[in-house]
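Have a look at the structure below, then the notes.
Values in this text are rule-based calculations from the coordinates and carry no lab data. Predicted model only: the values in this text are computed from it and were never measured. Cβ sites come from the backbone with ideal geometry, for glycine too, and all protein chains shown count toward neighbours.
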Amino acid sequence: MQWTSILAIYFLFLVFSAFVLLPFGVKTHDEAGIEKVRGQADSAPVEFRPGRLMLRATILAAVLTTAYVANYINGWIVAEDLIFWGPSAG
């Protein structure tokens, strides 16, 4: 596998991880006991920390990319293993 392919897969995992991790560790104004601004959404976070989110997403994406590349090299799970229905190989 070329390094550019690994880099592209890493960035895909990074974006996916950021969206998955977005709701974790967020407190609303009601949960924190702080008064809301008029017109504010009930789900708006008290304090948004994009740096912490990206650090967590970077670590998760690195782990997922490492697992993906290790599977690609060692062939632990191949496409035929993911066929759960349809004609059997025999």
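Can you tell me how much longer the chain between ALA70 and LEU7 gets when fully stretched, taken as 0.36 nm per residue apart minus their C-alpha distance, in nm with one decimal?
The ALA70-LEU7 span can extend by a further 21.2 nm.
What list of ³J(HN,Hα) couplings, whole Hz, do you get for region 44-55 from phi and the Karplus terms 6.51, -1.76, 1.60, once you set θ to phi - 60° and write x for glycine and proline?
The phi angles translate into 5, x, 5, 9, 9, 10, x, x, 5, 4, 5, 5 Hz.
Sorted by average packing, counted as other Cβ atoms within 10 angstrom per residue and highest first, what order do 73-82, 28-37, 15-24 take?
Numbers: 73-82: 8.3, 28-37: 11.3, 15-24: 13.4.
Answer by packing, highest mean first, reads 15-24, 28-37, 73-82.
Relative to the longest principal Cα axis of the chain, at what angle does helix 3-21 sit, 0 to 90 degrees, rounded to 10?
The angle comes out near 40 degrees.
Counting just the Cα atoms, what span does region 3-77 cover along each of its three principal axes? Round to the nearest Å and put the largest first.
Each principal axis gives a Cα extent; for region 3-77 these are 55, 22, 16 Å.
How high is the relative contact order of region 3-77? Use alpha-carbon pairs under 8 Å, at least six apart in sequence, and give a whole percent.
Numbers: 49 pairs, mean separation 31.4, N = 75.
Normalised by residue count, the contact order of region 3-77 is 42 percent.
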